[in-house]
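The values are calculated or read from the model by the stated rules, or taken from the named source; none is laboratory data. Because the structure is predicted, anything quoted here is derived from the model rather than measured. Reconstructed Cβ throughout: ideal geometry from the backbone, glycine too, with neighbour counts over all protein chains shown. Each accessible area value is taken on the protein alone, full model and side chains, heavy atoms only, with ligands, DNA and RNA left out. Shrake-Rupley method; radii C 1.70, N 1.55, O 1.52, S 1.80 Å.
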Protein chains: 2
Amino acid sequence: MMIKFHETHIEMAHGAGGKASRRLVEGLIAPHLMPETLLLEDAASLAFSGQLVFTSDSFVVKPLRFPGGSIGDLAVNGTVNDLAVSGAEPLALMISLIIEEGLESVVLEHELRAMAQAASKAGVKILGGDTKVVEHGKADGLYISSAGIGRYQENLKLSMERVAPGDKIILSGPIGNHGITILLARGELDLSANLVSDTRSVWPFVKVLAETVPQGLKWMRDPTRGGVASVLNELARDSALGIELEEERIPVHPAVRGACEILGLDPLHIANEGQFLAVVSALEADKALAGLQALAGTEEAQMIGQITEAHSKTVVAKTLYGGARVVDMLVGDPLPRIC
Amino acid sequence: MMIKFHETHIEMAHGAGGKASRRLVEGLIAPHLMPETLLLEDAASLAFSGQLVFTSDSFVVKPLRFPGGSIGDLAVNGTVNDLAVSGAEPLALMISLIIEEGLESVVLEHELRAMAQAASKAGVKILGGDTKVVEHGKADGLYISSAGIGRYQENLKLSMERVAPGDKIILSGPIGNHGITILLARGELDLSANLVSDTRSVWPFVKVLAETVPQGLKWMRDPTRGGVASVLNELARDSALGIELEEERIPVHPAVRGACEILGLDPLHIANEGQFLAVVSALEADKALAGLQALAGTEEAQMIGQITEAHSKTVVAKTLYGGARVVDMLVGDPLPRIC
């Protein structure tokens, strides 16, 4: 017997655990997220042996939809990417929804469909989840938390401790597309650009990189909030090494560069949702880069800099004109609720 | 070098991924949740072999603190209990915070401490997490999502398919304490009572039950939102069996009974955060019950009813006066944001 969900808006009762909750879950959520079982279980069970990687993330992006994606895409891809850059093949997700009373059911349905499609594309299963509803004015449409588990690739030895002077830093592609897309989608600026979010699973690219240079690959991270600058500053600080970037090698879409110039922002601080940074030994860096550049989706990958013994705990960018500047972490929050 | 977090309120920048985020995470969140590593990692890795159980849940309880606990307790115990009633020993959690701009840091700190203490008491490790901040008026202080993993106890064979007519239903203790405590804590009613939430990990009790009657134990569930009535209705519906409750055997605190009478609520619909229901074969039910009653914390456990072939998909309560009534699922939401 198929339950149909006919309500046009989400009400408090849909979060109360009774009949209305069942209608929502069995009539709308499960058919999208778990078409095979049609059950949204509290917990799911699976056989596993090996090194397990476990992660979770919440998503509060505003607006819910933007060119190139939506909060549902981020909720899947963001968690998948946390697993991927940890060196793990993403396996399964659990999805928790916090819904604002009054949300149109079609808006929720759009995000359920987005999550299902993103999960299918990323090769992960959604195993279950949870739904809460809060009063109108106590959320902003929809917040999503997603937790993920993955299998660590045992041929890898990712560790910040292996990072050493001379290692090269590879970036998978152009930066800032996600953050600037969100900013423009809010319509608060009198700017428009032919730009879309880069939200996607990076696992296919990470997988090839891991197979190409399993020994040389030492560290990875996805430069989301805070951008490339914040991630590399954390690496420099935590490893007590220096980082030297060659600014002209960092791929930046002209629309991102233009918006950043107008707004006084640094593309290195802008969030990405489909890129990653990798530290690779000097010996294998060319091979790693060539491997990525040969893939559809990371053709624009670049070697953007290196690890140095000098200027410990500091990221320095050599500029186009031969100068050098210190690249600091993001200060303040010029772009709130980017993911 | 220890970072100290001195800000009195949470601001948008604390969720932006830059310097302020690091201060919050390294100066406040990690010292409480992960005192050993002092790092709140995006993802955590652990060796695992066996049957893995994976769950996640969001918590939006209002108010944040109430007699007997707080949202931090629920976030740990709720996820731990989802694992426990799935037959899994809870192992580790990931915690995601959605914080409303302007939240007092001391309020956040109270919840971090509550989570750390609840996790320690429940014997689970918090491995990492994520922090987002939304504008004032876009949340209600603090929402928490927690994801958990556990190890399925391989001597168990929990499955709704094993539930059969004649099986007994055991309840771990008095019902409704959590829901009514929250209702009273809101101060919307001119009632007060010497009542506290039952929030706790049920794993120690489940563990003993599983060791006492590994073969006879067939199914478990924690009656949270929607209460005992909703959980048993789901069991009846999904198994196509009937359920017969002996109403006088169901333990209900006088204050819960009194509040329910005044409000026209049924204690069977009220949420619990530290109880569980178990279906046990008739042959082993007495042994199971005696095992629970011998434990500090489940002394009030009762055999409250049985599975029947008759009245398929329906829960019927035999009343004190020899009559019988149909116990339906919760309809509507008399107690919003209970967890």
Once a ≥ b ≥ c are taken as the square roots of the eigenvalues of the Cα gyration tensor of the protein assembly as shown, is the result rounded (a/c under 1.5), prolate (a/b larger than b/c) or oblate (a/b not larger than b/c)?
-> prolate
Where Lys and Arg each count +1 and Asp and Glu each count -1, what net charge lies around A:LEU232 among other residues with Cβ under 15 Å from its Cβ?
-> +2
Other chains near A:326-334: what is the mean number of their Cβ atoms within 10 Å of each residue's Cβ?
-> 5
Here the gain from full extension of A:ALA47 to A:HIS136, 0.36 nm per residue of separation minus their alpha-carbon distance, amounts to 27.9 nm
Interface area, B with A, accessible, probe 1.4 Å, both sides summed, Å² nearest 100 = 5800
Packing-wise, with mean Cβ within 10 Å as the measure, how do B:68-79, A:175-186 rank, highest first?
-> B:68-79, A:175-186
Once phi is turned into ³J(HN,Hα) by the Karplus curve 6.51 cos²θ - 1.76 cosθ + 1.60 with θ = phi - 60°, what whole-Hz value does each residue of segment A:89-103 show in order, with x for glycine and proline?
-> 6, x, 10, 8, 10, 10, 10, 10, 10, 10, 10, 7, 3, x, 4
Solvent-accessible surface ranking, highest first, for A:GLU100, B:GLU7, A:GLU211 at 1.4 angstrom = A:GLU211, B:GLU7, A:GLU100
Starting from the Cα gyration tensor of segment A:288-331, take the square roots of the eigenvalues, sort them a ≥ b ≥ c, and report rounded, prolate or oblate (rounded when a/c is under 1.5, otherwise prolate if a/b is larger than b/c, else oblate).
-> prolate
Could you tally the net charge around B:ALA47, taking each other residue with its Cβ under 14 Å from the Cβ of B:ALA47, Lys/Arg +1 and Asp/Glu -1?
-> +2
Within a Gaussian network of chain A (alpha carbon springs, distance under 10 Å), most fluctuating of A:LYS218, A:LYS168, A:LYS132 = A:LYS132
Express the relative contact order of chain B as a whole percentage, based on alpha carbon pairs under 8 Å and six or more residues apart in sequence.
-> 22
List the distances, in nm to one decimal, from the label point of A:MET2 to the label points of the same position in every other copy, shortest first, placing each label point 7 Å from Cα along the Cα-to-Cβ direction.
-> 6.0
Nearest 20 debye, what's the magnitude of the dipole of chain B about its Cα centre given +1 on Lys and Arg Cβ and -1 on Asp and Glu Cβ?
-> 340
When each of A:LYS157/A:LYS207; A:LYS132/B:LYS62; B:LYS125/B:LYS287; A:LYS62/A:LYS138; A:LYS121/B:LYS132; A:LYS207/A:LYS287 is checked by Cα-Cα distance, pairs over 24 Å | B:LYS125/B:LYS287; A:LYS121/B:LYS132
Spatially proximal aspartates and glutamates relative to B:LYS318 (Cα-Cα < 18 Å; intrachain offsets below 8 disregarded) | B:ASP167, B:GLU244, B:GLU246, B:GLU247, B:GLU248, B:ASP266, B:GLU309, B:ASP328
Can you tell me the relative contact order of segment B:160-326? Whole percent, Cα pairs under 8 Å, sequence separation 6 or more.
-> 43
What gaps in nm, shortest first, separate B:LEU46 from its twins in the other copies when you place the label 7 Å past Cα toward the beta carbon?
-> 1.7
Expressed as a whole percentage, what fraction of the accessible surface of the protein assembly as shown belongs to carbon and sulfur atoms when a 1.4 Å probe is rolled over the protein heavy atoms?
-> 52
Teacher prompt: A:LEU191 distances to equivalent labels in other copies, 7 Å Cα→Cβ, nm | 5.6
Please give the residues from segment A:97-111 for which the solvent-accessible area of heavy atoms, probe 1.4 Å, is smaller by at least 10 Å² with all protein chains in place than with the chain isolated.
-> A:ILE98
Take every DSSP beta bridge with both residues inside the protein assembly as shown and express the antiparallel ones as a percent of the total, to the nearest 5.
-> 75
Across segment A:280-296, in residue order, what do the Karplus-derived ³J(HN,Hα) couplings come to in whole Hz, using 6.51 cos²θ - 1.76 cosθ + 1.60 with θ = phi - 60° and x for Gly and Pro?
-> 10, 4, 4, 4, 10, 5, 4, 4, 4, 5, 4, x, 5, 5, 7, 8, 6
When a/c is below 1.5 the answer is rounded, else prolate if a/b is larger than b/c, else oblate, so apply that to segment A:160-326 with a ≥ b ≥ c taken from the square roots of the Cα gyration tensor eigenvalues.
-> oblate
To the nearest Å², the heavy-atom accessible area per residue of chain A with 1.4 Å probe amounts to 37
Buried by partner chains in segment A:135-158 (accessible area down by at least 10 Å² vs chain alone, 1.4 Å probe, heavy atoms, protein only) are A:GLU135, A:GLY137, A:LYS138, A:ALA139, A:ASP140, A:TYR143, A:SER145, A:ALA147, A:ILE149
Could you give the length gained on full extension between B:LYS125 and B:HIS6, defined as 0.36 nm per residue of separation minus the Cα-Cα distance, in nm?
-> 40.2 nm
Chain-alone versus full-assembly comparison, segment B:13-35, residues with accessible loss of at least 50 Å² (1.4 Å probe) | B:ALA16, B:GLY17, B:LYS19, B:ARG22
